[in-house]
Amino acid sequence: MASLMDDVTAEIFLRLPPDEPEHLFRAALVCKPWLRVLRDPSFRRRYSVFHRAPPLLGLLHRLQVFEGDPAARLAPTTAAPLSPYPDLSRTRPLDCRHGRVLLHVGVGAWHFVVWDPVTGEQHRLPEPGIPWLIYTAAVFCAVPGCDHLDCHGGPFRVVFLVTEDCTDLVKAAVYSSETGAWSTPVTMDAGCDVQHRRDAIAAGFYYTPYVQPRRGAVIGDEAYFTLRWGNPVVKYNWSKNRISMIDPPTKDVYKPGVRKEYGNHVALMVMEDSSLGFACVEGSSLHLWSRKVNAQGDAGWVHCRAILLESVIPVASSDDKPFVVGCAEGVGVIFVSTGAGLFTIKLDSGLVKKVAESGVYFSVLPYMSFYTPDRGRFPSLAEITDV
């Protein structure tokens, strides 16, 4: 009878919304039988499979390097408290993916910290030894065949892409937590960006292939980032240790009022069909592209949709223009910033929600993960853990 009641109780708890994890914790405080159900590892797995996409739990944001380091905090978007932000000075958040946050830490020698805000676990790793001028990075799960619904613990990889100091070359390397070592850095062939260099020179600008310090996209063995001039996409295949370049879907993507050499705020993302997505604002509309492969095996950009922003995104003044600063993969959410604040747009419904006040949002980093009582750290749970 008790087993039957546990099964019925679990079925009810499965339907509690994952983006409001505090409901699970409050239920766990009601009685020991409920706590036992909610702390069972099998419930965590069933819960993540039932809801399919990890919910948004918090936000960090990146600034351009010359704008300084952002406030050292992860702003929660739910009432459930995450583990404290690592007590480190001069930290630069670089990426959030698969339940992990990647931080660049300038205490003593520059190094990286991979942090799990749900469990509090931290891993420190060194830099790959590339003298950087400007850079970006990505962290991701390294478990073969993982569905990334419950990526706490386990092996991970870190991709580091830089514009090298003094040489202005674009270089990349990948770190494996299983080997504890970086790959040999690889350099992008100078021929990859010939056309972009010509376009810049023709426009009267000095061209340097500056890596954009924005969040990239990871699909299979490939990580994607953008460069500053015109937003060309850099593809780094970490399994083959090879860098190549992809033209952006349009060469007319620029932020209104900003000199063209600085490019526009764009976001790369993983689409529902696991293709590479590209989002930006042109005029007053949000445009989405997807990179598709045709029957002949040739890849190209396909325009998916356009969303008129004038009537849905508030602005501070007539001169204020919206721009894209990130996305939350798996839940179909785009982050758009204006002088009136930071907003999310749900692509399936068009629902707009304000999630933060106005600020310097160069690149928003969404932290997404399932947060269940067997992982969380509510202090009051300690009073009833003897089950």
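Structure data summary
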| item | result |
| --- | --- |
| Segments 343-355, 74-86 sorted - mean Cβ within 10 Å per residue, highest first | 74-86, 343-355 |
| Semi-axis lengths, Å, region 27-136, gyration tensor of Cα atoms, sqrt of 5 times eigenvalues | 34, 14, 13 |
| Exceeding the 21 Å Cα-Cα cut-off - candidates Lys171/Lys235; Lys235/Lys354; Lys321/Lys354; Lys235/Lys292; Lys321/Lys346; Lys171/Lys240 | Lys235/Lys354 |
| Thr119 - accessible surface, heavy atoms, 1.4 Å probe, Å² rounded to 10 | 30 Å² |
| Check: the chain dipole with +1 on Lys, Arg Cβ and -1 on Asp, Glu Cβ, in debye | 140 debye |
| Å² of accessible area per residue within region 56-368, as computed with a 1.4 Å probe and no ligands counted | 42 Å² |
| Accessible surface ranking that places the most exposed of Val293, Val270 first, with a 1.4 angstrom probe | Val293, Val270 |
| Stretch gain in nm, segment Asp165-Arg36, where the contour uses 0.36 nm per residue and the Cα spacing is subtracted | 41.0 nm |
| Computed [θ] at 222 nm, deg cm²/dmol, the chain (DSSP H ≥ 4; -39,500 (n - 2.57); rounded to nearest 500) | -3500 deg cm²/dmol |
| Peptides 120-130, 151-161 ordered by average Cβ neighbours within 10 Å, highest first | 151-161, 120-130 |
| Accessible carbon and sulfur surface of the chain relative to its total accessible area, %, 1.4 Å | 53 percent |
| Accessible surface, region 1-55, averaged per residue in Å² (probe 1.4 Å) | 58 Å² |
| Accessible-area order (highest first, 1.4 angstrom probe) of the listed residues Arg62, Arg73, Arg46 | Arg73, Arg46, Arg62 |
| Average Cα contact separation per residue, the chain, under 8 Å, 6 or more apart, as relative contact order % | 16 percent |
| Normalised per residue, the volume of the convex hull around the Cα set of region 56-368 (Å³) | 141 Å³ |
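The values are calculated or read from the model by the stated rules, or taken from the named source; none is laboratory data. This is a predicted model, so every value here is computed, not measured. Neighbour counts are summed over all protein chains in view; Cβ atoms, including those assigned to glycine, are modelled from backbone coordinates with ideal geometry. When the accessible area is computed, the model is the full protein with side chains, heavy atoms only, and any ligands, DNA or RNA have been set aside. Shrake-Rupley method; radii C 1.70, N 1.55, O 1.52, S 1.80 Å.
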